[in-house]
Each structure stands twice: as C-alpha cells, then as structure tokens.
Amino acid sequence: MFGDTFARMWELYLCACAATFRNGVIDLHQILFSNGINNDLPMTRWY
C-alpha cells in the first residue's frame, strides 16, 4: 500500500525506538485524566 521505501523507513524507526528503550535513553509515560477526584486510586502503580 505505501511502498517498499516506506516499509524500510518504518522498520528503521521501530528498530531505533527499540534500541533507545533498551539503552534507557527514552521512557514511556501515561497520564490519566478523569472527572472529579477518586482517592481510592493510588497515585502510582509501582508494585
């Protein structure tokens, strides 16, 4: 659908992302927005 050049560039991008995660260069953070305050939920999910 996108061509061979696009597929090769996408694979390079994914490999670069995997390498930076593996080496600790970048992290992934998630933020949850909600209506109101729910004090039953912990602030972090560290186990």
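The values are calculated or read from the model by the stated rules, or taken from the named source; none is laboratory data. Since the structure is predicted, the reported quantities are computational estimates derived from the model, not experimental observations. Accessible surface areas use protein heavy atoms only, side chains included; no ligands, DNA or RNA. Shrake-Rupley method; radii C 1.70, N 1.55, O 1.52, S 1.80 Å.
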Helix-derived mean residue ellipticity, 222 nm - over the chain, DSSP H n ≥ 4, -39500 (n - 2.57), to 500: -14000 deg cm²/dmol
- prompt: Where the accessible area of the chain is counted over protein heavy atoms with a 1.4 Å probe, how much of it, in %, is carbon and sulfur?
  reply: 62 percent
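Send over a whole-number figure in Å² for the accessible area per residue of the chain, probe 1.4 Å. All intermediate terms of the calculation are to be shown ahead of the outcome.
On the way: 5370 Å² over 47 residues.
For the chain, the per-residue accessible area is 114 Å².
Normalised radius of gyration for the chain, please: alpha carbon Rg relative to 2.2 N^0.38 Å, two decimal places. Intermediate values should be presented prior to the final figure.
Numbers: Rg = 18.1 Å, N = 47, 2.2 N^0.38 = 9.5 Å.
Here the Cα radius of gyration is 1.91 times the empirical estimate.
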message: What is the angle, in °, between the Cα long axis of helix 4-22 and the longest principal axis of the Cα atoms in the chain? Nearest 10 is fine, range 0 to 90.
response: 40 degrees
